[in-house]
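Please read the structure below before turning to the comments.
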There are 2 protein chains.
Amino acid sequence: MSLTRVHNLSISLDGFATGEPQSLDAPFGHAGQRLHEWMFATRFWDASGSAGVDDVFAQRHGVGIGAEIMGANKFGPPGWQDDPGWTGWWGAEPPFHTPTFVLTHRPRPDLVMEGGTTFHFLDAAPAVALATAREAAGGQDVRIGGGPTVVQDFLTAGLIDLMHLVVVPIVLGRGVRLWDGLEGLEQGYDVEAVSSPRGVTHLTFTRKASARDGQSDRPAQGGVS
Amino acid sequence: MSLTRVHNLSISLDGFATGEPQSLDAPFGHAGQRLHEWMFATRFWDASGSAGVDDVFAQRHGVGIGAEIMGANKFGPPGWQDDPGWTGWWGAEPPFHTPTFVLTHRPRPDLVMEGGTTFHFLDAAPAVALATAREAAGGQDVRIGGGPTVVQDFLTAGLIDLMHLVVVPIVLGRGVRLWDGLEGLEQGYDVEAVSSPRGVTHLTFTRKASARDGQSDRPAQGGVS
């Protein structure tokens with residue numbers, strides 16, 4: 001079964017997944033790199049990094065993934081749609097290595113990059129985008145790559161099977177919140193928390209079998225699917 | 001040295017320390033008891049409860065405390081000021097056992113309860129209330145008992161030395177937020193996180209020695225005071 005997954009989405013204590021204002025020079029606004037320092041310290045990011053619990057979680061990012069969906073605000077700074085030469089933040093070889101669907105109200109032709117990443121631009125609602133990405137994933141899982149607004153949209157639509165968040169012990173005060181409009185989210189998920197020696201807390205939301213579409217008769221203790 | 005401490009303040013993932021609307025029948029609004037179930041399962045609350053990490057944190061609540069300050073919204077439901085017979089939620093013997101200062105714009109005479117609790121009603125800014133409570137604490141520490149608005153006010157005023165929060169894995173969606181207006185709070189504190197087997201995460205904010213009033217020359221590694 002192909003799952004829909006979120007990985008390594010870092011938020012502040014007050015629930016912001018990015019600061020403000022976002023720009024070419026400051027993709028995460030006033031948050032700078034503070035939400036992601038935990039990741040830079042892992043082997044996932046840097047071969048000389050730590051192989052502990054932060055790394056173990058970070059490494060799940062690509063395993064079994066056949067496609068990504070991201071929001072327009074992840075693909076570029078505000079206004080990138082006006083620059084026909086913009087090909088994303090990541091240079092010639094982006095770190096996705098799969099078909100990658102960028103949700104935007106202003107689609108453009110596909111961009112074939114090195115290393116297996118092809119950017120497709122879609123103006124579509126979450127369920128339609130997911131069906132398209134799932135088809136492209138060839139039986140593997142689909143990652144919802146963020147930003148927070150896109151993850152929120154997919155959660156609201158009931159489309160996320162597994163979500164890994166990283167709570168960083170800073171208070172950003174402003175930016176884009178993840179949690180708005182998600183009252184009661186935990187009811188459909190088994191939620192686990194584990195703190196790392198570095199001070200971040202990994203939260204995993206694993207969808208209850210009973211909360212899956214079309215599987216409401218299945219006992220919740222039905223095991224891993 | 002007498003410290004100003006916060007203990008066992010439970011918040012949802014989205015940072016609400018109480019739901020809404022608050023009333024006589026529902027002191028925490030739609031949150032019900034969900035923010036505090038972790039505590040009910042500890043020996044601190046119930047002699048047959050667990051003695052693990054949740055209990056260890058919970059037990060700190062009263063140790064070394066000589067006075068409490070609480071907000072009007074902790075003392076009673078909206079409108080309690082209009083009821084001259086209201087003596088708090090806690091019956092004849094409240095669990096404070098010290099002088100307890102209730103911040104309200106409508107003070108009333110002291111209430112001497114059983115078990116060592118005396119309620120004093122103060123219309124005062126945080127620093128003034130703290131000086132009053134510290135005097136009454138006889139050299140012991142002062143607990144800021146909540147709710148979230150009062151804790152926020154004392155944090156904003158730079159008056160909290162130690163804060164223990166408990167993040168409960170639920171998304172409340174609405175209520176009273178703790179974090180508003182506290183951007184950059186972590187800069188004055190050493191922050192630690194530890195998750196418990198029950199699924200909550202204990203956060204401790206320990207004020208850096210260098211961030212204490214009048215001690216800015218003191219090295220941050222100056223040790224426990």
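The values are calculated or read from the model by the stated rules, or taken from the named source; none is laboratory data. The shown structure was predicted, so the numbers you read here are calculated from the model rather than taken from an experiment. Note that each Cβ is placed from the backbone with ideal geometry, even for glycine, and that neighbours are counted across all protein chains shown.
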Tell me which residues, restricted to the stretch B:186-210, are over 13 Å from B:HIS164 (Cα atoms) and more than 7 Å from every other protein chain (Cβ to nearest Cβ).
B:GLN187, B:GLY188, B:SER196, B:PRO197, B:ARG198, B:LYS208, B:ALA209, B:SER210
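Conditions tested, residue by residue: (1) in contact (Cβ under 8 Å) with a residue 40 or more places away in the chain; (2) of a type in the set (A, V, I, L, M); (3) part of a helix (DSSP H, G or I).
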position: B:HIS120; (1), (2), (3): no, no, no
position: B:LEU130; (1), (2), (3): yes, yes, yes
position: B:GLU135; (1), (2), (3): no, no, yes
position: B:GLN152; (1), (2), (3): no, no, yes
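Do we have A:ASP110 as in contact with a His (Cβ under 6 Å, 6 or more places away or on another chain) and not hydroxyl-bearing (Ser, Thr, Tyr) here?
yes
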I'm trying to understand the selection: among the residues of the stretch B:169-190, which are farther than 18 Å from B:ALA209 by Cα and surrounded by fewer than 18 Cβ atoms within 10 Å (Cβ to Cβ)?
B:ARG174, B:ASP180, B:GLY181
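With the structure loaded, tell me whether B:THR87 is in contact with a helix residue (DSSP H, G or I) (Cβ under 7 Å, 6 or more places away or on another chain) and either within 14 Å of another protein chain (Cβ to nearest Cβ) or of a type outside the set (Asp, Glu) (or both) or whether it fails that test.
no
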B:LEU103 meets each of (1) under 23 Å from B:VAL128 (Cα atoms); (2) surrounded by fewer than 20 Cβ atoms within 10 Å (Cβ to Cβ) with one exception, condition (2)
Which one is modelled with the lowest pLDDT, of the residues in the stretch B:1-27 that are farther than 16 Å from B:MET39 by Cα and aliphatic (A, V, I, L, M)?
B:MET1
Please go through the stretch A:141-157 and give me each residue that is within 14 Å of another protein chain (Cβ to nearest Cβ) and either touching a helix residue (DSSP H, G or I) at 6+ places or on another chain (Cβ under 7 Å) or modelled with pLDDT under 95 (or both), ordered by number.
A:LEU155
Of the residues in the stretch B:92-148, those that are of a type in the set (D, E, K, R) and within 16 Å of B:VAL6 (Cα to Cα) come to B:ARG134, B:ASP141, B:ARG143
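Does B:ARG134 satisfy being in contact with a His (Cβ under 7 Å, 6 or more places away or on another chain) and more than 9 Å from chain A (Cβ to nearest Cβ)?
Against the criterion (in contact with a His (Cβ under 7 Å, 6 or more places away or on another chain) and more than 9 Å from chain A (Cβ to nearest Cβ)), B:ARG134 does not qualify.
Would you mind finding the one in B:VAL142, B:VAL150, B:VAL166, B:VAL128 that is in contact with a Gly (Cβ under 6 Å, 6 or more places away or on another chain), of a type in the set (Val, Ile, Thr) and either farther than 20 Å from B:VAL191 by Cα or surrounded by 17 or more Cβ atoms within 10 Å (Cβ to Cβ) (or both)?
B:VAL150
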Has the stretch A:80-87 got at least one residue that is touching a residue at least 24 places away in the same chain (Cβ under 8 Å) and surrounded by fewer than 13 Cβ atoms within 10 Å (Cβ to Cβ)?
yes
How many of the residues in the stretch B:191-205 are surrounded by 16 or more Cβ atoms within 10 Å (Cβ to Cβ), out of contact with any Asp or Glu (no Cβ under 8 Å at 6 or more places or on another chain) and touching a residue at least 40 places away in the same chain (Cβ under 8 Å)?
1
Residue list for the stretch A:5-27, restricted to those being away from chain B (no Cβ under 14 Å) and over 30 Å from A:ALA131 (Cβ atoms)
A:PRO21, A:SER23, A:LEU24, A:ASP25, A:ALA26
Could you please tell me which pairs satisfy a Cβ distance under 8 Å, a separation of 6+ or placement on different chains, a first residue in the stretch B:158-182 that is more than 8 Å from chain A (Cβ to nearest Cβ) and on the phi > 0 side of the Ramachandran plot, and a second residue that is small (Gly, Ala, Ser) and crowded, with 21+ Cβ neighbours inside 10 Å?
B:GLY175/B:SER12; B:GLY175/B:ALA17; B:GLY175/B:GLY19; B:GLY175/B:ALA31
Do we find a residue being crowded, with 16+ Cβ neighbours inside 10 Å, closer than 17 Å to B:HIS164 by Cα and in contact with a helix residue (DSSP H, G or I) (Cβ under 8 Å, 6 or more places away or on another chain) anywhere in the stretch B:18-30?
yes
